[in-house]
Every structure is written in structure tokens, then in C-alpha cells.
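The values are calculated or read from the model by the stated rules, or taken from the named source; none is laboratory data. The structure presented is a predicted model; accordingly, all values stated were derived computationally and were not measured. Note: ideal-geometry Cβ built from the backbone for every residue, glycine included; neighbour counts use all protein chains shown.
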Amino acid sequence: MFVERKIKDFINIDPLQTGGRLTEDARRMLVEWGDGYSVCDFCQGNLHEIKKPPIASFVEDLSEFLNCDVVRVTSGAREGKFIVMHSLARKDGVVVVDSNAHYTTYISAERAGLRVVEVQNSGYPEYRVVEEGYENAIDEGERIGEVVLAVLTYPDGNYGNLPDVKSVVEICKDRGVPVLLNCAYSIGRMKIDFEKLGVDFVVGSGHKSMASAGPVGILGMSEEFSRLVLRRSDRFKDKEVELLGCSVRGVPIMTLMASFDHVRERVKMWSREVEKARWFLKEFESLGFELLGERPHKHDLLHFKTDKLYEISRKVRRGGYFLYNELKKRRIHGIKPGRTKSIKLSTYLVSKEDLRIVIEAFEDILKKFDL
Ligand SMILES: *Cc1c(COP(=O)(O)O)cnc(C)c1O
């Protein structure tokens, strides 16, 4: 059976997808290494030490790219978070997280048997993480147990807000709490310097932001914590327990590797992407929509409150799906079907010409329904 993906030549503004589209090299790699366990042809026992294909040197390049002591390839950002939480977990353990955190942060904590204390955000319309809130949250965590980790989402997947990492790190360091920075939406888009940020752990997502087929991600950590997190099995002396002996033993790691040169170059263009996002949001707001999230905006993920679209949806027969259908007719993909109260989109690596088409499409749709 072969199933065609029918949106291939659409303009794609799905925030989940703009940073994960494959390079041509990655697409070729996908076919070349698609057979099961093909990356293991010459494995001596550890994925990150394989020399043919050159995974070992790739993992070294990754740690240089992140300016981070130790890196492992995981199946995604969530697996990275779980690995860290599970390693640090103890009875009555608590994780402090920003309230813009991704659902997988909560689920990782749940799976690791950790309780969660949230740092509130500033609420409508900017929903900023209140960095100083980590102080109180750690206090609260200490009252109910022992705070083993703080997580900061950088940026979050709802508003694209980039909080001030250093002030969170300062508070947490003072309290002796390690910090995990969730960079699912940043590593591969913008420069992330582990040392400079002063965090203890970082996770990234290959299929979200590194032009890779998933599931694949990366986990970076300090030398100090690697001794705990990458502890080896008693029985199988080579095998790292938290990785269950081996993580991405298949083609996704080959696509990550194939796109890496491209990714390394594209992060240098980040300021242009931010500029483009700001241009788009200004144009989009002039249609009567309102940005939710911080200003000035520093990321390509944009969330708009779209009252006008919601009003239309209440009048038309197809309800919320009218928007999806109107956009589909115009060959635009990426707005969640059924959604009209607010919409999320990404301008990342979408050309200005295409973004203009998107803006005009929305303008056209508003006109068509006479609002
Ligand atoms: C997408 C996303 C994730 C999940 O990434 P996976 O690699 O699929 O696990 C985690 N956190 C944030 C903030 C995200 O946006």
C-alpha cells in the first residue's frame, strides 16, 4: 500500500511542521538507511560510538554545536525530559515547571513519579513566564517534598515566548536545584549555548526544529550530571540504563545527521526569521486579529486571538471547519481543523511571498463572509 500525502505543494504554516521539513540530503538518507537496524551494521555496543556511519563524530559535532559537555540522541524532547526526571526522581520528589510547559513535561514527571509545582504566567495577553516566580515555587515544592529539578520552556509551544533563562538559573542555582531547558522549539532554529546559559540539561526535538524525520531528539547535559543520568547497567557494562541500552537505532538519526550542516547554517539566519515573523504579525493584526504572547515577539510561533473568525463560525453551516476548508481551497495548510477562537501558526522558513498569500487569503475569507 502507498498513501499519498495530499498537501505536499501547499503553503505549510503548521508550527509543528515548519522546522521539521527534510532537506534533500535527509530525504535521500531516509531511503538509503530505511531498512531496520541498518545503522547497526558496525556497532560495537554503543550507538554514539558507531564510526560507520559516522555517528560518533556527529554526536561530537552536536556537543560542539550546543557548547555542552555530553550529548545523547534520544527519540524526542519528551524522552530527554523523562530520562532526566527518572534519573533524579526520589520519593516525595517535586519538579518545578513554568505554566507554559508542554504537556509532555507533565507526563514525564507523572511517569517518573514526581509531583509538579507550577510557576504562574502573567496571563492575558502576553502570558509571560514570571521568572521570579521560581523562588516561590521552589518554596512551595520544599513544603511538600524535595525539589529535584526545575524546567523552563524555551520557548513554549503555545505563545512562542522566550523567557529570561539567566534569571531563572540564578534563582535555581542559589537553591541548589538543577535546571532543564526545553528547547524543542529552539535548538535547530536559533543558537543555544549551553555553557553561556548556565543550565544543567537541555533537550531538543529533531522532528520539530532540526529538519529531521522523527522520532528523534537530543539531550545535552553537564559532565557532572552525565555520571548519574548515563549510569551503566550492572549486567551489561556498556549499556546506559536510561537509554534502555540504545535509543534511536534506526533511520531518524540518519536524517538528523544529514540535515545537520544545513541546520548549523540556518541558525545564523535566525534574526531574519524573527524580523519576518514581526512583519507578518503586524500585517495580520491589521486584519483585526490580536497577538497572544510577548511583545516584542522573538519567535516564529505566533498565536492570534481571532474573534472575527469565531463569529463567522457561529453563523455558517460547517461551524469551525469553515476556516480549514477555505484555507484548503487556497492550498494553505497548518491551521488546526475546527479551530477559530484563536489560531497558531509559524512563519519559519516560509517565504515572504507565501506569507503574503496567507495574509491575503485571510483578508479574502473575512470579506467573503462579510465581517
Ligand atoms: C513539540 C514540543 C515537545 C515535544 O517534542 P517531541 O520531540 O515530540 O517529544 C516538547 N516540548 C515543547 C515545548 C514542544 O513544543
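Observations
- Verdict on V39 being touching a helix residue (DSSP H, G or I) at 6+ places or on another chain (Cβ under 9 Å) and within 16 Å of the ligand (Cβ to nearest atom): no
- Here E360, E326 are screened, and the one residue that is surrounded by 15 or more Cβ atoms within 10 Å (Cβ to Cβ) and at pLDDT 95 or above is E326.
- Pairs with Cβ under 7 Å, 6+ apart, first in the range 222-250 and closer than 19 Å to C40 by Cα, second part of a loop (DSSP other than H, G, I, E, B) and β-branched (V, I, T): V248/V216
- Of R249, R231, R189, all but one fail to be touching a helix residue (DSSP H, G or I) at 6+ places or on another chain (Cβ under 7 Å) and surrounded by 24 or more Cβ atoms within 10 Å (Cβ to Cβ); the exception is R189.
- Subset of the range 49-70 [within 13 Å of M210 (Cβ to Cβ) and crowded, with 17+ Cβ neighbours inside 10 Å]: F58, L62, F65, L66
- The set of residues in the range 229-241 that are within 25 Å of the chain's Cα centre (by Cα) and over 19 Å from I50 (Cα atoms) contains only V229.
- In the set A101, A109, only one residue is in contact with a strand residue (DSSP E or B) (Cβ under 8 Å, 6 or more places away or on another chain), in a loop (DSSP other than H, G, I, E, B), within 15 Å of the ligand (Cβ to nearest atom) and at pLDDT 95 or above; that residue is A101.
- Residue in the range 82-92 that is outside the structural domain of R330 (by TED's automatic domain parsing), part of a helix (DSSP H, G or I) and more than 16 Å from the ligand (Cβ to nearest atom) present: yes
- Contact map, the range 315-343: first residue touching a residue at least 24 places away in the same chain (Cβ under 8 Å), second residue basic (K, R) and assigned to a strand (DSSP E or B), Cβ cut-off under 6 Å, separation 6 or more or different chains; pairs are S342/K305.
- Residues in the range 77-114 that are free of Cβ contacts under 8 Å to residues at least 12 places away in the same chain and of a type in the set (F, W, Y) were compared, and the one that is surrounded by the fewest Cβ atoms within 10 Å (Cβ to Cβ) is Y103.
- G45 passes every criterion in (1) more than 16 Å from the ligand (Cβ to nearest atom); (2) surrounded by 14 or more Cβ atoms within 10 Å (Cβ to Cβ); (3) in contact (Cβ under 8 Å) with a residue 60 or more places away in the chain apart from (2).
- Tabulated pairs, the range 62-76, first in a loop (DSSP other than H, G, I, E, B), second among the polar types (S, T, N, Q), C-beta under 7 angstrom, 6+ apart or interchain: D69/S63; D69/S222; D69/S226; S75/S247; G76/S205
- Inter-residue pairs, beta-carbon under 9 Å, first among the β-branched types (V, I, T) and in the range 155-167, second within 12 Å of the ligand (Cβ to nearest atom), 6+ apart: V165/L152; V165/Y154; V165/L181
- Candidate set from the range 196-219 (those that are under 21 Å from I83 (Cβ atoms) and of a type in the set (D, E, K, R)); member that is surrounded by the most Cβ atoms within 10 Å (Cβ to Cβ): K208
- Per the listing L301, L309, L291, the residue uniquely buried (at least 16 other Cβ atoms within 10 Å of the Cβ), touching a residue at least 12 places away in the same chain (Cβ under 8 Å), over 19 Å from G157 (Cβ atoms) and hydrophobic (A, V, I, L, M, F, W, C) is L309.
- Test result for G133, over 22 Å from the mean Cα position of the chain (by Cα), small (G, A, S) and at pLDDT below 95: no
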